[in-house]
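Peer 1: Let me begin by handing over the structure; questions about it come next.
The values are calculated or read from the model by the stated rules, or taken from the named source; none is laboratory data. Here the structure is a predicted model, which is why all the values come from computation and not from measurement. Quick reminder, even Gly has a Cβ in these numbers, built from the backbone with ideal geometry, and neighbours come from all protein chains shown.
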Amino acid sequence: MDLYGAGEYLNRAKKMLSESENHSIRYACLELRFCLEIIAYRQLEQYGEEIPGSVVREWKPDRIIKLLASFSPGSDQDSELSIGLHSSPDAIPKEWTSSGKAKAIPWGMFRKHYNKLGSYLHSPMKVKDLEKVIDKEKLNKIISDIEHVLSSTIILAFKATINAECDCGKTIFIGQSEFEDGELVRCGNQACGLLWKKTILDDGAKVLQPATSLVYKCVCDSFMRVPVEKVWDRFKCNGCGNTYRLNLGYSRVVMF
């Protein structure tokens, strides 16, 4: 059973690895990258609208793998879905029937695999490195991890996200593992761009709150609170009277 639909790519990669020519091994790396991409996009379907639409519409496998690592902190463990019949709503079933097993997807490791395979597909800067032998042992480890996932009999998604409904109607989703108190996140609607603040409440709950103001520290160690809508205006520090204004910064690239 190949629920992910990556089996044919994996089989081609294994066949190419059995050959001695270095170019065949490089093509095997390409097939293995296809496997990782297929697994990521198949898993992506389980999240529906919780993955930003801008990512779904674009071909950004590496970014999607990173997001899945953030959204699925428990995906690196095998899991099983079981169904049990009970005699009443309050009773716990005594017998359970397995509906399927989902094999672990270590997204953090998959991202390293994906980047490693990509490094094998680029032409080296030095001609002498063109014939550099690719480490087959590393490729065999990648194959083993892919085979483990493809042995799944069910596809599950463990969703650990925090969300908020923006004023423009767009829902903002943040993975729990990338949630840090005080960080700002911008609404993905380009016509909106409203800033939201990641906040951890006293009871430990993680929420997204509209950022009504930005806080900065003056050279005199006093804190200045600036309303978001006035970031382009001049403002003074209440501690020492220094005047500030926030500007966009940019760097100049000189071409020779």
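Peer 1: Return the total of residues in the stretch 1-23 being in a helix (DSSP H, G or I) and either out of contact with any Lys or Arg (no Cβ under 9 Å at 6 or more places or on another chain) or buried (at least 17 other Cβ atoms within 10 Å of the Cβ) (or both).
Peer 2: Within the stretch 1-23, residues that are in a helix (DSSP H, G or I) and either out of contact with any Lys or Arg (no Cβ under 9 Å at 6 or more places or on another chain) or buried (at least 17 other Cβ atoms within 10 Å of the Cβ) (or both) number 12.
Peer 1: Still on this structure: Having 1 or more residues that are assigned by TED's automatic domain parsing to the domain that holds ILE172, basic (Lys, Arg) and modelled with pLDDT under 80 is the bar; report the strands (runs of 3 or more DSSP E) wholly within the stretch 184-256 that clear it. Show your work before the answer.
Peer 2: Numbers: elements: 184-186, 195-200, 206-210, 213-217, 223-227.
Because the criterion is at least 1 residues that are assigned by TED's automatic domain parsing to the domain that holds ILE172, basic (Lys, Arg) and modelled with pLDDT under 80, the strands (runs of 3 or more DSSP E) in the stretch 184-256 that meet it are 184-186.
Peer 1: Residue by residue through the stretch 188-209, note down the ones that are in contact with a strand residue (DSSP E or B) (Cβ under 6 Å, 6 or more places away or on another chain) and closer than 14 Å to THR171 by Cα.
Peer 2: Hits for the stretch 188-209 are GLY193, LEU195, TRP196, VAL207, LEU208, GLN209.
Peer 1: Here's another thing I want to ask about it. Give the stretch 1-46 a look and list any residue that's of a type in the set (Lys, Arg), in contact (Cβ under 8 Å) with a residue 60 or more places away in the chain and farther than 19 Å from TRP107 by Cα, or say none.
Peer 2: LYS14, ARG26
Peer 1: Same structure, new question: Could you tell me which of the residues SER24, SER72, SER79 is more than 26 Å from SER99 (Cα to Cα) and either modelled with pLDDT of 80 or more or not assigned by TED's automatic domain parsing to the domain that holds CYS166 (or both)?
Peer 2: Exactly one residue qualifies, and that residue is SER24.
Peer 1: Any residue that is part of a loop (DSSP other than H, G, I, E, B), surrounded by 15 or more Cβ atoms within 10 Å (Cβ to Cβ) and at pLDDT below 85 - is there at least one of those in the stretch 52-62?
Peer 2: yes
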